[in-house]
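K.L.:
My questions all concern the structure below.
The values are calculated or read from the model by the stated rules, or taken from the named source; none is laboratory data. A quick note: this is a predicted structure, and the numbers were derived from the prediction, not measured. Virtual Cβ from ideal backbone geometry, glycine too; neighbours counted across all protein chains shown. Areas reflect the complete protein model, heavy atoms only, side chains present, ligands, DNA and RNA absent. Shrake-Rupley method; radii C 1.70, N 1.55, O 1.52, S 1.80 Å.
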Amino acid sequence: MKPKAITLYDVARHAGVSYQTVSRVINQAEHVSTRTREKVEQAMAQLHYVPNRVAQQLAGKPTMTLGLVTTTLALHAPSQIAAAMKIRASQRGFSVVISMLDENLPEACHAAVDNLLAQRVDGVLINVPLEEEAAERLAQRCHPLPTLFLDVGPQARVSSLVFDAFAGARLAVEHMLALGRRRIALLAGPQNAVSARLRHDGWLAALSQADLEPCAVAQGDWSAASGYQQCHALLASRPEAIIVANDQMALGVLRACAERGINVPEALSVIGYDDTADSAWYSPPLTTIRQNFRELGEQAVDGLVAGLTQPPGAGQRVLPVSLVERRTTAPRQDAPDAQRLAQALRQLAAEVALLKNA
């Protein structure tokens with residue numbers, strides 16, 4: 001037999017207060033003394049009472065819930081962003097309901113958003129690569145709830161928060177050129193992803209400024225398996241360096257190089273993108289472009305919560321990125337001694353900084 005659910009009346013009797021007082025405590029209303037609030041909260045804890053969110057929704061009360069539409073959490077970057085959002089939301093007194101897509105299709109995005117709206121969320125975060133028109137349609141679908149997009153182009157007329165993809169691409173190319181690497185291959189992400197296209201375009205622009213073109217280009221699907229497969233094709237062009245669109249594919253590249261007996265970084269330098277939590281533990285530790293996922297998650301939640309009282313206008317805020325030097329990049333063996341010394345000093349400084357922050 002299903003046990004009887006604890007109600008507000010049970011809590012009120014246990015705390016020795018009225019039903020209305022318990023309701024005011026749960027809804028964080030003013031004009032409740034600290035002593036009374038503590039009595040009610042203690043009674044709730046002793047009785048293991050959980051507020052009925054469905055009843056609150058039916059009464060038209062805020063649910064204190066944010067919705068997140070995301071691509072698969074099997075990928076490192078989306079999972080770390082989601083984790084950062086849940087932590088920040090909890091700090092702000094909100095919970096997060098996640099709707100994860102198996103495939104990035106417009107109808108799947110619409111169904112995921114509808115699922116969250118049916119749960120009466122107070123705002124929507126969308127971490128799915130979307131073209132401008134698709135993002136604008138979803139924003140209209142969510143209206144009047146505040147909605148924030150995390151993977152759209154700068155021209156989309158929606159509220160968005162993204163990392164500086166062009167700056168990240170430029171840092172990767174400039175780093176390889178500074179090491180004397182000229183034959184550079186590119187391993188891009190899927191071209192239906194806005195962020196992947198921006199990184200790819202940024203690489204080409206930075207190479208063009210140096211009067212260079214990539215010696216080879218391949219496209220993966222963000223997974224380590226695709227990085228492994230595409231690396232074998234790229235190696236046919238005998239590159240001196242491979243620039244990879246995310247750390248997960250870079251892991252596959254390192255595996256392929258190890259199987260082919262190619263020494264990284266002496267014979268081939270490899271740089272990733274994201275600085276996911278595991279990239280420092282690759283073998284060798286991965287040089288990468290850092291995107292601060294915790295900062296993104298915190299600012300996304302803060303912005304959405306602020307939008308509950310003052311809806312944000314359309315516009316894109318851009319977060320900075322940085323280069324993290326580890327052990328998968330090094331000067332060419334025939335590079336000048338001064339260049340190799342400078343690289344060694346930079347790596348030493350980076351390791352000292354990591355030790356200080358540990």
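K.L.:
Taking the condition of being buried (at least 21 other Cβ atoms within 10 Å of the Cβ), among the aliphatic types (A, V, I, L, M) and farther than 20 Å from VAL173 by Cβ, how many residues in the stretch 286-334 meet it?
P.N.:
Adding up the residues that qualify gives 4.
K.L.:
If you don't mind, there's one more thing I want to ask. Restricting the stretch 225-261 to residues that are closer than 21 Å to ALA77 by Cα and in a loop (DSSP other than H, G, I, E, B), which is nearest to the chain's Cα centre (by Cα)?
P.N.:
ASN246
K.L.:
Residues in the stretch 105-131 that are buried (at least 17 other Cβ atoms within 10 Å of the Cβ) and either touching a helix residue (DSSP H, G or I) at 6+ places or on another chain (Cβ under 9 Å) or within 18 Å of GLY307 (Cβ to Cβ) (or both): how many?
P.N.:
Here is the first cut: in the stretch 105-131, the ones buried (at least 17 other Cβ atoms within 10 Å of the Cβ) are 109, 112-113, 116, 120-130.
With the extra rule that they be either touching a helix residue (DSSP H, G or I) at 6+ places or on another chain (Cβ under 9 Å) or within 18 Å of GLY307 (Cβ to Cβ) (or both), the set shrinks to 109, 113, 116, 120-130.
Matching residues across the stretch 105-131 total 14.
K.L.:
Inside the stretch 163-184, can you point out the residues that are open to solvent by less than 40 Å² (accessible area, probe 1.4 Å), within 23 Å of the chain's Cα centre (by Cα) and of a type outside the set (A, V, I, L, M)?
P.N.:
PHE163, GLY168
K.L.:
I'd like the residue in the stretch 17-35 that is open to solvent by less than 70 Å² (accessible area, probe 1.4 Å) and among the hydroxyl-bearing types (Ser, Thr, Tyr) and, out of all such residues, is farthest from VAL50 (Cα to Cα). Break it down stepwise before answering.
P.N.:
First pass over the stretch 17-35, keeping only residues open to solvent by less than 70 Å² (accessible area, probe 1.4 Å): 17-18, 21-23, 25-27, 29, 32-33.
Restricting the remaining residues to those that are among the hydroxyl-bearing types (Ser, Thr, Tyr) gives 18, 21, 23, 33.
Numbers: SER18: 18, THR21: 16, SER23: 12, SER33: 22 Å.
Ranking the qualifying residues of the stretch 17-35, first place goes to SER33.
K.L.:
Do we have LEU161 as touching a Lys or Arg at 6+ places or on another chain (Cβ under 6 Å) and of a type in the set (A, V, I, L, M) here? Walk me through how you get there before you give the answer.
P.N.:
On the way: touching a Lys or Arg at 6+ places or on another chain (Cβ under 6 Å): yes; of a type in the set (A, V, I, L, M): yes.
Yes; evaluated as a whole, the condition is true for this residue.
K.L.:
Also, quick follow-up: Please determine, by comparing only the residues of the stretch 262-285 that are β-branched (Val, Ile, Thr) and more than 18 Å from the chain's Cα centre (by Cα), which one is surrounded by the fewest Cβ atoms within 10 Å (Cβ to Cβ). Steps first, answer last, please.
P.N.:
Restricting attention to the stretch 262-285, the residues satisfying the condition of being β-branched (Val, Ile, Thr) are 262, 264, 270-271, 276.
Within this subset, residues satisfying the condition of being more than 18 Å from the chain's Cα centre (by Cα) are 262, 264, 270-271.
Numbers: ILE262: 15, VAL264: 22, VAL270: 29, ILE271: 30.
Looking at residues that are β-branched (Val, Ile, Thr) and more than 18 Å from the chain's Cα centre (by Cα), I get ILE262.
K.L.:
Pull up the stretch 185-195, narrow it to residues that are under 19 Å from the mean Cα position of the chain (by Cα) and modelled with pLDDT of 95 or more, then point me to the one that is nearest to PRO129 (Cα to Cα).
P.N.:
Filtering the stretch 185-195 down to residues under 19 Å from the mean Cα position of the chain (by Cα) leaves 188-195.
With modelled with pLDDT of 95 or more added as a condition, the list becomes 188-189.
Numbers: ALA188: 15, GLY189: 12 Å.
That would be GLY189.
K.L.:
Here's a follow-up. Would you pick out the residues in the stretch 90-104 that are of a type outside the set (D, E, K, R) and surrounded by 13 or more Cβ atoms within 10 Å (Cβ to Cβ)?
P.N.:
Those that are of a type outside the set (D, E, K, R) and surrounded by 13 or more Cβ atoms within 10 Å (Cβ to Cβ): PHE94, SER95, VAL96, VAL97, ILE98, SER99, MET100, LEU101, ASN104.
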